[in-house]
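Before any comments, here is the structure.
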Amino acid sequence: PICFVPDHFGVTGALVTRSDLQTTESQTVPFTYMEEPMQLALTVSAYNKGELATYNYQGKFAKLNTSGWSISNWLCAGVSNIQCMGLSASNGTTLLSSRLALDTTSRNSIDPSLATPNWINGLSHFSANIKIERNSNADGPYDNLKLGAKPLDLDGVTLPPNAATDNLHCVNLNTKTGIENANCAFGAAIESDLRRKVVDTSVRLGRLHIANAYGSELLDLPILVETQYWNGSSFVTNILDNTTILSSNNVITGNYQGSLSAANITTPTFRLADTNDSCTASSTISNVLSGGKSCLLLSKPSVPGSVNLLINLGSLGSPANCLNPTLTYGNSVSATLPYLSGNWCGTTYDRDPTAQATLGVYKKMDKHTGKNSTDLIYLREVY
């Protein structure tokens with residue numbers, strides 16, 4: 001007999017991590033920051049009871065439509081017309097599906113609402129840029145994040161359920177416990193908790209940090225810049241980050257003190273940091289972080305004073321930085337990395353990172369000893 005309604009679906013998936021910075025997984029990027037998009041691609045196939053493709057599931061007979069989808073369609077959350085993907089995100093017993101969102105504005109993003117039905121011979125491809133939204137409090141890292149799916153069409157066709165004999169396409173992940181079972185045997189588990197795992201990945205809460213620095217006004221000043229992630233108790237350097245991109249036109253200087261002014265401060269350049277987290281004029285100029293680190297080199301001004309530095313990430317705070325007086329952004333260019341904003345002067349992660357560079361000025365007197373600090377600006381022995 002000619003079959004138009006499949007017995008069940010099968011689903012497979014692939015993921016491009018940090019999809020705002022790359023379009024394919026041509027290099028190994030083992031993580032994505034929270035609120036940074038990652039491009040998910042799913043292939044859904046229609047099968048009959050004999051595990052053969054339902055070729056007639058196409059055109060008007062395909063009841064899993066790909067057009068006009070919102071995040072509700074991807075999650076199967078409050079969908080009135082009962083066609084959805086059943087996307088889930090979980091890390092062990094931590095369910096993160098409620099923090100899944102779509103991204104349509106970042107570099108390399110795609111808008112799933114503009115897609116058109118593309119079922120051909122019982123097979124279709126679905127794509128979306130998804131992201132895990134930040135929590136109100138620091139959390140993670142979620143380095144064992146599992147994305148699952150369970151497509152459902154208007155006729156009620158879905159994946160083979162719990163305890164199904166079809167091990168090729170059945171639900172094999174319990175999102176509530178994080179347990180996988182290749183035989184799809186989950187005992188008394190609730191069916192709504194079960195998915196087919198499509199990909200494993202890692203998601204981390206990140207921020208960009210720029211360190212305060214001081215030195216001689218007669219020498220170039222290195223300033224450490226690094227990406228950090230929340231490891232469960234504190235922010236630490238994200239040594240896996242070799243793809244974050246920054247450029248000199250993202251840097252703003254201002255709030256000059258002493259003899260410094262815009263006339264004697266040139267825009268610093270990003271360079272590869274050495275093993276001492278430092279750099280010199282001979283260091284390689286690079287806009288891409290290596291091991292989560294970069295080094296801003298501020299050219300010697302030859303006069304003493306201090307200056308504030310700010311990296312324009314495109315943060316959403318109001319104001320977007322914590323300096324007082326706040327710096328204006330002028331003609332600076334946003335790095336479009338708002339997911340690396342920090343909670344530098346509040347509880348929300350929506351402020352750009354800032355630092356102060358002090359040149360040729362000794363530290364303040366120690367109030368306990370009445371003596372100047374023993375920290376040196378510059379020391380050289382001459383023979």
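The values are calculated or read from the model by the stated rules, or taken from the named source; none is laboratory data. As the structure is a computational prediction, the values presented were derived from the model and not from experiment. Cβ atoms come from the backbone with ideal geometry, glycine included; neighbour counts cover every protein chain shown. Ligands, DNA and RNA are stripped out before the accessible areas are found, and what is left, the full protein with its side chains, is counted by its heavy atoms. Shrake-Rupley method; radii C 1.70, N 1.55, O 1.52, S 1.80 Å.
Among the listed residues T24, T66, which satisfies the condition of being more than 19 Å from L154 (Cβ to Cβ), of a type outside the set (A, V, I, L, M), in a loop (DSSP other than H, G, I, E, B) and at pLDDT below 95?
Just a single option satisfies the conditions, and that option is T24.
Among T243, T227, T201, which is out of contact with any His (no Cβ under 8 Å at 6 or more places or on another chain) and in a strand (DSSP E or B)? Can you show your working first?
Numbers: T243 fails: in a strand (DSSP E or B); T227 fails: out of contact with any His (no Cβ under 8 Å at 6 or more places or on another chain).
Criteria check complete, one pass: T201.
How many residues, within the range 12-26, are open to solvent by less than 50 Å² (accessible area, probe 1.4 Å) and among the β-branched types (V, I, T)? Before the answer, list the steps.
So the first thing to find is which residues in the range 12-26 are open to solvent by less than 50 Å² (accessible area, probe 1.4 Å), and the list is 13, 15-22.
Going one step further and asking which of them are among the β-branched types (V, I, T), we end up with 16-17.
Total satisfying the criteria: 2.
Please go through the range 165-179 and pick out each residue that is surrounded by 13 or more Cβ atoms within 10 Å (Cβ to Cβ) and either of a type in the set (V, I, T) or at pLDDT 95 or above (or both).
If the condition is that a residue be surrounded by 13 or more Cβ atoms within 10 Å (Cβ to Cβ) and either of a type in the set (V, I, T) or at pLDDT 95 or above (or both), then H169, C170, V171, N172, L173, N174, T175, K176, T177, G178, I179 are the ones that fit.
Being at pLDDT below 95, under 30 Å from the mean Cα position of the chain (by Cα), open to solvent by less than 20 Å² (accessible area, probe 1.4 Å) and among the aliphatic types (A, V, I, L, M) is the requirement here; does A128 meet it? Break it down into steps so the answer makes sense when it comes.
Working: at pLDDT below 95: yes; under 30 Å from the mean Cα position of the chain (by Cα): yes; open to solvent by less than 20 Å² (accessible area, probe 1.4 Å): yes; among the aliphatic types (A, V, I, L, M): yes.
Yes, satisfied.
Go through the range 181-195 residue by residue and tally those that are in contact (Cβ under 8 Å) with a residue 24 or more places away in the chain, surrounded by 14 or more Cβ atoms within 10 Å (Cβ to Cβ) and either over 18 Å from K49 (Cβ atoms) or polar (S, T, N, Q) (or both).
Adding up the residues that qualify gives 4.
Scan the range 69-109 residue by residue and report those that are in a loop (DSSP other than H, G, I, E, B) and closer than 14 Å to L152 by Cβ. Quick ask: steps written out before the conclusion?
Kept after step one, since they are in a loop (DSSP other than H, G, I, E, B), are these residues of the range 69-109: 69-70, 76-83, 85-87, 92-93, 96, 103-109.
Selection gives W69, C76, A77, G78, V79, S80, N81, I82, Q83, M85, G86, L87.
Kindly provide the set of residues from the range 27-59 that are under 30 Å from T237 (Cβ atoms), open to solvent by 10 Å² or more (accessible area, probe 1.4 Å) and assigned to a strand (DSSP E or B), ordered by number.
Within the range 27-59, the subset under 30 Å from T237 (Cβ atoms) is 27-40.
In the following step, the residues that additionally are open to solvent by 10 Å² or more (accessible area, probe 1.4 Å) were identified as 27-30, 35, 39.
Result: Q39, single match.
From the list N118, N137, N144, pick out the single residue that is open to solvent by 40 Å² or more (accessible area, probe 1.4 Å) and either of a type in the set (K, R) or not in a loop (DSSP other than H, G, I, E, B) (or both).
One residue alone meets the criteria, N144.
Yes or no, residue by residue, for (1) surrounded by 18 or more Cβ atoms within 10 Å (Cβ to Cβ); (2) part of a loop (DSSP other than H, G, I, E, B); (3) basic (K, R); (4) in contact (Cβ under 8 Å) with a residue 12 or more places away in the chain:
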position: A320; (1), (2), (3), (4): yes, yes, no, yes
position: L327; (1), (2), (3), (4): yes, yes, no, yes
position: G330; (1), (2), (3), (4): no, yes, no, yes
position: T348; (1), (2), (3), (4): no, yes, no, yes
position: T358; (1), (2), (3), (4): yes, no, no, yes
